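The values are calculated or read from the model by the stated rules, or taken from the named source; none is laboratory data. Remember, predicted model here, so these are calculated numbers, not experimental data. Because the Cβ atoms are built from the backbone with ideal geometry, glycine has one as well, and the counts that use them run over all protein chains shown.
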Amino acid sequence: MPDNPLAPAWLQIPDDANAFAPGLWPAGMRRDPDGVAVVGGVRVDDLAARHGTPLYVLDEGEVRSRAARVRRAFTDAFERVGTVAEVYYAGKAFLSTDVARWVTQEGLRIDVASGGELAVALAAGVPAERLGFHGNNKSAQELDRAVEAGVGTIVIDSEQEIARVAAAASAHGRVQRVRLRVRSGVHAHTHEFLATAHDDQKFGVALDDAERLVSVIRAHERLEFAGLHCHIGSQIFGPEGFARSASRLVALHARLLRGGPVPELNLGGGFGIAYTSADRTGEIEETAQHIAQVVAAECEGAGIPLPVMAFEPGRYVVGPAGITLYTVGTTKPVMLEVEGVRAQRLYVSVDGGMSDNARPALYGADYSARIAGRVSVAEPVLVRVAGKHCESGDIVVDADYLPGDVAPGDILAVAATGAYCWSLSSNYNHQPRPAVVAVGDGASRAIVRGETVDDLLARDLGASTPAPADRAAEAQGEDR
Ligand SMILES: Cc1ncc(COP(=O)(O)O)c(C=O)c1O
């Protein structure tokens, strides 16, 4: 079959359009003899029948093994160069009380980025001292709650926040450990909205301001300076950006040591995962070793001891452990002309969309899909999986090849939706958010209940309280 000229250059026609490519789908995802996909030992048709679609499915074993693997990768790599590494799970990727408990049991700490995430981690029973608290505009109430709860470290993101954290610490009679977030000036090679350490954006303080601000922090008796923090961005492949950022931070870290202790250095998260078969991610162990070697060499060059290191992966832990199940509602072939050649794209519309996965609309993110409810021997055709929302940019999978007989009623699975899908979900078009179901060892259980239209109506005060005319009639005792 010739390539479809509408297909992006990176997309190859698959040898088997039914196969679950390793590294893209949860490990162990397979098909039963009748062709139905099985994830965590549970058939997707059973999941769809029991919980409905769209449905987020999270493979607990995969989350746990990825959490343990990334922790080991960093602790081993830094142990080899003579220091300790602590790994925080960045809860913004996906946070529920179950996931907070799984990653805690696997030895990770948790980075929270709002009062809501803090509440979830605490409700899960995670000890507050194992939490880090981020955010470029934390409210006074959020800071107060974090200090009151005994959060291990608060990451100061601006000059104004120094006094706010100190005030919260004074109010609770505590000394609060803090880090200072700096922009290392490294522009990570990722989508513009995912790069967070270049100068023209809202996070952190400039490297040049850091020494002055650390003096201000050190002057507050209610604050204890723990070290610098930097996060260069997200969905980054290869260790070079992290290494460049690390060497700039170590130089600053060394200057700060002249004024007092600097026990830690936190280099953030951002380790990329595969969303399509074209993504080459490399092994996390190699990335960790490369960063460890750079940090060790820079510290040696500066003549300083290695600090305790910290990292904050989010997407790496949960992204590949999640899939989303949809039901196909309509299919629509569209004929187009590309440089004089006629070509067809098949639009496959599903029962969710940008409300359960905003990333394609937000970042132009690519995804991969498979028919999960059956196998097919039909020739693969180029498809675009679209949602049901009133936006032409409501795309779930921009381009993939699926068997050409994909049809209404098919269960479709989309890979690597464990991170930043549920957490970025919305009620656009009054679409209730789907449930999240954990699978493992052949069993499934909902860990986040799906919303219903009644949930949405319950917050609409015009629907949940009588209309004014009805209230007036009630007051007059009229029966309307
Ligand atoms: C400060 C900070 N740490 C960690 C992360 C996690 O990034 P990722 O999920 O790409 O690892 C983020 C993501 O935005 C972040 O802002």
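In region 405-428, which residues are closer than 16 Å to G373 by Cβ and either small (G, A, S) or outside the structural domain of S355 (by TED's automatic domain parsing) (or both)? Step through it out loud before you land on a result.
Here is the first cut: in region 405-428, the residues closer than 16 Å to G373 by Cβ are 405-415.
If the condition is that a residue be closer than 16 Å to G373 by Cβ and either small (G, A, S) or outside the structural domain of S355 (by TED's automatic domain parsing) (or both), then A407, G409, A413, A415 are the ones that fit.
Could you tell me which of the residues E62, E86 is at negative phi and touching a helix residue (DSSP H, G or I) at 6+ places or on another chain (Cβ under 6 Å)? Before the answer, list the steps.
On the way: E86 fails: touching a helix residue (DSSP H, G or I) at 6+ places or on another chain (Cβ under 6 Å).
Going through E62, E86 in turn, the sole match is E62.
For (1) farther than 24 Å from V178 by Cα; (2) surrounded by fewer than 20 Cβ atoms within 10 Å (Cβ to Cβ); (3) touching a strand residue (DSSP E or B) at 6+ places or on another chain (Cβ under 9 Å); (4) polar (S, T, N, Q), each residue gets a yes or a no:
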| site | (1), (2), (3), (4) |
| --- | --- |
| V250 | no, no, yes, no |
| G268 | no, no, yes, no |
| T276 | yes, no, yes, yes |
| G303 | yes, yes, no, no |
| P307 | no, no, yes, no |
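Considering each residue of region 66-101, count those that are farther than 23 Å from I304 by Cβ and either outside the structural domain of G152 (by TED's automatic domain parsing) or assigned to a strand (DSSP E or B) (or both), and give that number.
First, the residues of region 66-101 that are farther than 23 Å from I304 by Cβ: 66-73, 88-101.
With either outside the structural domain of G152 (by TED's automatic domain parsing) or assigned to a strand (DSSP E or B) (or both) added as a condition, the list becomes 66-73, 88-90.
Of the residues in that region, 11 qualify.
Could you tell me which of the residues G40, G35 is under 29 Å from V439 (Cα atoms) and either touching an Asp or Glu at 6+ places or on another chain (Cβ under 8 Å) or at pLDDT below 95 (or both)? I'd like the intermediate steps shown before the answer.
Details: G35 fails: either touching an Asp or Glu at 6+ places or on another chain (Cβ under 8 Å) or at pLDDT below 95 (or both).
Matching residue, one of G40, G35: G40.
Does V317 meet the test of being of a type in the set (A, V, I, L, M, F, W, C) and away from the ligand (no atom under 16 Å from the Cβ)? Explain how you work it out, then say what you get.
Working: of a type in the set (A, V, I, L, M, F, W, C): yes; away from the ligand (no atom under 16 Å from the Cβ): no.
So V317 does not fit the description; no.
Can you name every residue in region 243-298 that is within 16 Å of the ligand (Cβ to nearest atom), hydroxyl-bearing (S, T, Y) and under 28 Å from A9 (Cβ atoms)?
Y275, T281, T287
Being crowded, with 16+ Cβ neighbours inside 10 Å and of a type in the set (A, V, I, L, M) is true for just one of A121, A140, A163. Which residue is that? Before you say what the answer is, go through the steps one by one.
Numbers: A140 fails: crowded, with 16+ Cβ neighbours inside 10 Å; A163 fails: crowded, with 16+ Cβ neighbours inside 10 Å.
Only one candidate qualifies: A121.
Residue by residue, here is whether (1) of a type in the set (A, V, I, L, M); (2) loosely packed, with under 15 Cβ neighbours inside 10 Å holds:
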position: D16; (1), (2): no, yes
position: F20; (1), (2): no, no
position: R31; (1), (2): no, no
position: D34; (1), (2): no, yes
position: P54; (1), (2): no, no
position: L58; (1), (2): yes, no
position: G61; (1), (2): no, no
position: T75; (1), (2): no, no
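What's the total number of residues in region 15-45 that are hydrophobic (A, V, I, L, M, F, W, C) and not in a loop (DSSP other than H, G, I, E, B)?
Number of matching residues: 6.
List every residue pair whose Cβ atoms sit under 8 Å apart, with the two residues 6 or more apart in sequence or on different chains, where the first one lies in region 453-465 and is closer than 10 Å to P432 by Cβ and the second, anywhere, is loosely packed, with under 10 Cβ neighbours inside 10 Å.
That search, which allows pairs on different chains as well, returns nothing.
For region 227-242, name all the residues that are of a type in the set (F, W, Y) and either over 17 Å from A310 (Cβ atoms) or within 9 Å of the ligand (Cβ to nearest atom) (or both). Walk me through how you get there before you give the answer.
Initially, region 227-242 is screened for residues of a type in the set (F, W, Y), giving 237, 242.
Matches in region 227-242: F237 only.
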